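Down below is the structure, laid out as structure tokens.
No lab work stands behind these numbers, since they all come straight from the coordinates. It should be emphasised that the depicted structure is a prediction, and the values quoted were computed from it without experimental measurement. Quick reminder, even Gly has a Cβ in these numbers, built from the backbone with ideal geometry, and neighbours come from all protein chains shown.
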Amino acid sequence: MTEPAMDRFKSFDGLSIAYGVAGEEEGGGAVLLHHGFASTAEINWLRPGVVAALVAAGRRVVYLDARGHGRSDHPHEVAAYAGSAMARDVSALADHLRLGSFDMAGYSMGSFVTMTVAVNDVRVASCFLGGAGTGQMRVRQREVAALIAAGLEADDPRTVTDPSARAFRNFADATRQDRLALAAIQRADRAREGEEASRITVPTIVVNGAADTMVGAPDSLARLIPGAESLVVPGDHISAVTKAEFRQAIVAWMAR
């Protein structure tokens, strides 16, 4: 299956970021989608029909491949991913497209990027956080992140014994991502995931798969966000985003 064409723009530090736009605004405004680690907009949003469903609901949808992923640039330098670089890419894309107020949705890593953007960019009107929970904060512990990075860098995947590292390595291989770029992301001193939760002031919902043992129940994160809601849908961390119930949840949330 041929992937749809994507445009590119230069972000705040000159890195080239790939993005796509679908649909026309019909009163609902734009929705900006950010995918998860080792994934792409195509895998997370286009193939599962999320983009098509939002367009059918009358929304203009903007999606991007995060730095280090997909058709965006893949620097191998750890510094390229430090701080809030991915969140700054989102705001730079909003500037590039001259977006006004927009809703934002993320999945897994993309949900934590979404939280950072929501705290720092007044244009974010609401947040949909998929595949996100306090269990993810373990993955961002330096010791665990270093194991994941080493697993991604290993020449032979059979030598990767840590369960988290093996899971990420298998997924990166399955999605044919640049493993060295992904390892640099894990080694980078990024914004601490979850620290922004209590500072979010826009309407927010957290939606996780019932069998998502990696991140835990959605209310574990929702409790940290003032006024946030939570919802459980079928699936685990990999499959929940592909379920019709997830797609229906994001469309319903954006319609409110």
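Rounded to two decimals, what ratio of Rg to Rh does the chain give with C-alpha atoms and a Kirkwood Rh?
Rg divided by Rh gives 0.93.
Toward the positive end of the charge dipole of the range 53-112, with +1 on the Cβ of Lys and Arg and -1 on the Cβ of Asp and Glu, the farthest Cα among Val78, His96, Val55 is that of Val55.
Sites listed here are trypsin sites (Lys or Arg not before Pro) in the range 78-181 whose DSSP assignment is loop and whose Cβ has at most 11 other Cβ atoms within 10 Å: Arg98, Arg176. Estimated at 0.36 nm per residue, the fully extended path between Glu195 and Thr159 surpasses their Cα-Cα distance by 9.6 nm.
Which whole-number percentage describes the relative contact order of the chain, with Cα contacts under 8 Å and a sequence gap of 6 or more? Write out the running numbers ahead of the final one.
Working: 535 pairs, mean separation 49.8, N = 256.
RCO, the chain: 19 percent.
Its Cα centre serving as origin, the range 169-256 has a Cβ charge dipole (Lys and Arg +1, Asp and Glu -1) of approximately 180 debye.
Based on the Cα atoms of the range 61-134, what semi-axes does the equivalent ellipsoid have, where each is the square root of 5 times one gyration tensor eigenvalue, given in whole Å with the largest first? Display every interim value, and only then the final one.
Numbers: eigenvalues 75, 47, 26 Å².
After diagonalising the Cα gyration tensor, the semi-axes are 19, 15, 11 Å.
The phi-based Karplus calculation (6.51 cos²θ - 1.76 cosθ + 1.60; θ = phi - 60°) puts the 3J(HN,Hα) values of the range 148-157 at 5, 4, 4, x, 6, 7, 4, 5, 10, x Hz, whole numbers, x for Gly and Pro.
For the range 120-127, 3J(HN,Hα) computed residue by residue from phi via the Karplus equation (6.51, -1.76, 1.60; θ = phi - 60°) reads 10, 10, 5, 6, 6, 9, 7, 10 Hz, glycine and proline entered as x.
Find out how many positive minus negative residues lie around Thr159, taking Lys and Arg as positive, Asp and Glu as negative, among other residues whose Cβ is under 14 Å from that of Thr159.
-1
Across His96, His35, His76, mean-square fluctuation computed from a Gaussian network of the chain (C-alpha pairs under 10 Å connected) peaks at His96.
If only the Cβ of Lys and Arg carry +1 and only the Cβ of Asp and Glu carry -1, the dipole of the chain around its Cα centre is close to 140 debye. Towards the positive end of the charge dipole of the chain, with charges on Cβ (+1 Lys, Arg; -1 Asp, Glu), say which of Tyr107, Pro4, Gly135 has the farthest Cα. Final value for the positive-end residue is Gly135.
Relative intensity of the range 159-221 on a log10 scale, I(q)/I(0) at q = 0.13, 0.22 Å⁻¹, equals -0.56, -1.12, per a Debye sum over C-alpha point scatterers of equal strength in the absence of solvent.
Under a Gaussian network description of the chain, with springs only between Cα atoms under 10 Å, the residue in Val51, Val144, Val124 that fluctuates furthest is Val144.
Which one, Thr242, Thr175, Thr159, has the greatest fluctuation when you compute a Gaussian network model over the chain with C-alpha springs under 10 angstrom? Of Thr242, Thr175, Thr159, the most mobile in the Gaussian network model is Thr159. The tail of the calculated P(r) for the range 26-99, taken as Cα-Cα distances beyond 19 Å, holds 40 percent of the pairs. Each of Gln177, Ile238, Val251 was placed along the dipole of the chain (beta-carbon charges, centred on the mean Cα), and the one lying farthest toward the positive end is Val251. Note on the chain: helix-only mean residue ellipticity at 222 nm, from DSSP H runs of 4+ residues weighted -39500 (n - 2.57) and normalised by residue number, equals -9500 deg cm²/dmol.
Using Cβ point charges alone (K and R +1, D and E -1), the dipole size of the range 1-141 about the Cα centre works out to roughly 280 debye.
When Met115, Met214 are arranged by Cβ crowding within 10 Å, least crowded first, meaning fewest neighbours, the order is Met214, Met115.
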